[in-house]
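Asker: Below you'll find the structure I mean.
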Amino acid sequence: MNYKGFLFDLDGTLVDSLPAVNRCWSQWGARHGIDAEVVLNYIHGKPAINSLRYFMSGQSEETIQAEFRWLEQQEATDTAGVTAIPGALALLTQLNHLQIPWAIVTSGSVPVAHARHRAAALPQPEVFITANDIRHGKPDPEPYLLGAQRLALKPSECVVVEDAAAGIAAGLAAGSGVVAINPATDTPDLNRVLFTVPDLRSLSLQQQSSGAFTLSLQS
């Protein structure tokens with residue numbers, strides 16, 4: 001199929017922030033007496049506020065919002081070890097050179113997403129969707145539908161690049177082609193994605209005379 005644009009998740013897709021994510025959420029779990037493994041098995045790919053509401057079910061929204069502000073501060077300031085995923089800089093540079101539109105569509109809030117994007121020293125996207133822009137987070141398709149809309153493209157004209165199960169589900173539900181980056185082996189619906197790859201070095205892009213492009217794997 002021919003596509004016209006890219007919609008990239010951020011954490012685990014363009015940016016390796018896993019050590020920072022694990023540190024911050026493990027600290028949060030310790031504050032509440034919740035085992036780190038339990039917390040980390042749930043949170044990936046989801047907006048932080050949704051995860052907090054899950055773990056703090058029955059507590060007041062005011063209390064949950066206070067914990068969100070604490071966690072956001074931790075995540076926005078702890079960028080030690082945050083680096084670009086292999087192949088990310090080369091691919092984004094190529095897209096800019098070919099004038100192929102692309103967006104970042106992340107479940108992170110503005111302070112957290114922008115801090116990690118800066119730490120990885122990646123190009124600025126034309127469109128940057130964060131948790132602050134949406135009502136329904138991944139696995140709901142809303143983030144990717146909004147990303148496509150802001151690029152003035154149909155969702156079916158976009159390739160979603162994701163690592164987390166929630167994000168892969170969101171991309172598929174949006175009707176986009178999906179590339180899964182190093183997904184967990186038990187991720188649902190991997191048989192429906194275009195490719196499963198270890199990182200962005202594996203993708204090869206061929207632009208057509210119309211400006212659209214096709215994707216394949218590096219030989």
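Asker: Let me have the relative contact order for the chain, percent, based on Cα pairs under 8 Å that are six or more residues apart.
Answerer: 25
Asker: Turning to a different aspect of this structure: Per the helix-only calculation at 222 nm, which mean residue ellipticity applies to the chain, given -39500 (n - 2.57) for every DSSP H run of n ≥ 4 and division by its residues, nearest 500 deg cm²/dmol?
Answerer: The helix-only estimate for the chain comes to -12000 deg cm²/dmol at 222 nm.
Asker: Could you work out how far the C-alpha centroid of region 15-48 sits from that of region 140-156, in angstrom?
Answerer: Comparing the Cα centres of region 15-48 and region 140-156, I get a distance of 28 Å.
Asker: Compute the signed sum of charges (Lys and Arg +1, Asp and Glu -1) over the other residues within less than 14 Å, Cβ to Cβ, of Phe8.
Answerer: Charge balance in the 14 Å sphere: -4.
Asker: A further question follows. Could you do me a favour and compute the accessible area per residue for region 21-86, 1.4 Å probe, result in Å²?
Answerer: 53
Asker: I need the shape label for region 80-219. Rule: rounded when a/c is under 1.5, else prolate if a/b > b/c, else oblate, with a, b, c from the alpha carbon gyration tensor.
Answerer: rounded
Asker: For the ranges 138-149, 70-81, 186-197, what's the packing order if you count other beta-carbon atoms within 10 Å of each residue, average per peptide, and put the highest first?
Answerer: So the order, starting with the most tightly packed, is 138-149, 70-81, 186-197.
Asker: Can I ask one more? Net charge around Ala164, counting only other residues with Cβ within less than 10 Å of its Cβ (Lys, Arg = +1; Asp, Glu = -1)?
Answerer: Neighbourhood net charge equals -2.
Asker: Rounded, prolate or oblate: pick one for region 50-150, where a ≥ b ≥ c are the square roots of the eigenvalues of its C-alpha gyration tensor, a/c under 1.5 means rounded, and failing that, prolate if a/b is larger than b/c, else oblate.
Answerer: In terms of gyration-tensor shape, oblate.
Asker: Figure the gain on full extension for Val38 and Gln59 (residue separation times 0.36 nm, minus the Cα-Cα span) and round it to one decimal in nm.
Answerer: Answer, rounded to one decimal: 5.7 nm.
Asker: Leaving out ligands and nucleic acids, note down the accessible area per residue over region 132-219 with a 1.4 angstrom probe, in whole Å².
Answerer: 48
Asker: Near Pro86, within a Cβ-to-Cβ distance under 14 Å, what is the net charge of the other residues, with Lys and Arg +1 and Asp and Glu -1?
Answerer: Taking every other residue near Pro86 into account, the sum is -2.
Asker: A further question on this structure: Rounded to the nearest 10 degrees, what's the angle between the helix 61-77 long axis and the longest principal axis of the chain, both from Cα atoms, 0 to 90?
Answerer: Roughly 60 degrees between the two axes.
Asker: Nearest 20 debye, what's the magnitude of the dipole of the chain about its Cα centre given +1 on Lys and Arg Cβ and -1 on Asp and Glu Cβ?
Answerer: Its charge dipole is roughly 420 debye.
Asker: How about Lys138: which lysines have a C-alpha closer than 17 Å to its C-alpha, ignoring those fewer than 8 places off in the same chain?
Answerer: Lys46
The values are calculated or read from the model by the stated rules, or taken from the named source; none is laboratory data. Predicted model only: the values in this text are computed from it and were never measured. Reconstructed Cβ throughout: ideal geometry from the backbone, glycine too, with neighbour counts over all protein chains shown. To get the accessible areas, we keep the full protein, side chains included, count just its heavy atoms, and leave off ligands, DNA and RNA. Shrake-Rupley method; radii C 1.70, N 1.55, O 1.52, S 1.80 Å.
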